[in-house]
């Protein structure tokens, strides 16, 4: 999705006989998008990737992905969920047909030996803190606090955790893409895009290796377990444009205008009916009378979600790191009383946050109710 890569051994052309030094035929695996009409990667295995000793229904463990249940609707209510109260494991908090939002906290001892494959969507993690490695057939990918991590749909993977991983996960059921305005006609990232090809951390490939003997697969929010006959990591080489990547949020290049610009200038990744934005430290607006604080607005088509990471959030009171706010479409929202005027004259901001806008309404889960702070909806009342 960023560009084409080729690592390890691959044949001169796809779909031709490709043999090991001993003469054994290697097996091609085509990982395709949108049928055969979209991006793809081709992996070359030492053994057949489609054979299993058993495939059967399964239940996730306490540190595996959880499926959220919806809470009773409360239209137009502003919500605030405290991530610091989230338990270990995955906690789904918001969902619609396009995206599921979960908080996660994975202690070092939580790293499972089995693999996981999400058949329902691309997984975009943002790590508030921690350090570890994503293992997949594409190689190893180092991750740490402040990174986004993209795991494409259907890729078998597992985490090696060096220090506890914590953050927010967006399951993008229509896939992730780079906004088209960031690309030139040949697909290269433009020189005025907010990041470059060099900013993306790529897998380090070392060849075939042992992999998980059990794979937990999620499809239609139902779990199945596979027991492959050969390691899913027995890959000798691969090429293509579908592969896991990491991206440090501080690599994002913010824009500044004469007056306050709309949040679309923070666009980072796109999904179906969803946009992920990155708020990073930046110089604010340059007009002498500019109001740097976001203006009150009524986004009648979009719900807005913000995951607060660190810094001073000039437009909000009572929020801190790991909090998640939901501001639904259909009701105006904006800065807390005093914040709008109080921002005049400031020349920079040190806030760090991840935002998502969705074009379909998001619904709180029952799991989120236990983490919700009361009174947030009424906190804009000056009295």
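The values are calculated or read from the model by the stated rules, or taken from the named source; none is laboratory data. All figures in this text were calculated on a predicted structure; none of them were measured in a lab. Positions of Cβ are generated from backbone atoms using ideal geometry, with glycine treated the same way; all protein chains shown enter the neighbour counts.
Quick check on segment 59-73. Is at least one of its residues under 25 Å from residue 369 (Cα atoms) and without any contact (Cβ under 8 Å) to a residue 12 or more places away in the chain? So far as segment 59-73 goes, yes, one or more of its residues are under 25 Å from residue 369 (Cα atoms) and without any contact (Cβ under 8 Å) to a residue 12 or more places away in the chain.
Within segment 301-312, the set of residues being surrounded by fewer than 14 Cβ atoms within 10 Å (Cβ to Cβ) and more than 16 Å from residue 275 (Cβ to Cβ) comprises 312 only.
Within segment 33-44, identify whether any single residue is surrounded by 13 or more Cβ atoms within 10 Å (Cβ to Cβ), under 30 Å from residue 303 (Cβ atoms) and touching a residue at least 12 places away in the same chain (Cβ under 8 Å), and answer yes or no. Checked segment 33-44: at least one residue is surrounded by 13 or more Cβ atoms within 10 Å (Cβ to Cβ), under 30 Å from residue 303 (Cβ atoms) and touching a residue at least 12 places away in the same chain (Cβ under 8 Å). Taken together, the criteria exclude residue 135 from residues that are at pLDDT below 95, farther than 20 Å from residue 177 by Cα and surrounded by fewer than 24 Cβ atoms within 10 Å (Cβ to Cβ).
Only one of the listed residues (160, 202, 190, 198) is in the same structural domain as residue 106 (by TED's automatic domain parsing), under 22 Å from residue 235 (Cα atoms) and free of Cβ contacts under 8 Å to residues at least 60 places away in the same chain. That residue is 160.
Scoring residue 257 on the criteria (1) modelled with pLDDT of 95 or more; (2) touching a helix residue (DSSP H, G or I) at 6+ places or on another chain (Cβ under 9 Å) leaves a single failure, condition (1). If the condition is being in contact (Cβ under 8 Å) with a residue 60 or more places away in the chain and more than 15 Å from residue 207 (Cβ to Cβ), then segment 1-28 contributes 1, 2, 3, 4, 5. When residue 264 is tested against (1) touching a residue at least 40 places away in the same chain (Cβ under 8 Å); (2) outside any loop (DSSP other than H, G, I, E, B), only condition (1) is not met.
Taking segment 313-353 as the range and being in a loop (DSSP other than H, G, I, E, B), surrounded by 15 or more Cβ atoms within 10 Å (Cβ to Cβ), at pLDDT 85 or above and on the phi < 0 side of the Ramachandran plot as the test, the residues that pass are 321, 328, 329, 351. Checking 295, 308 one by one, the residue that is closer than 26 Å to residue 381 by Cα and modelled with pLDDT of 90 or more is 308 and no other.
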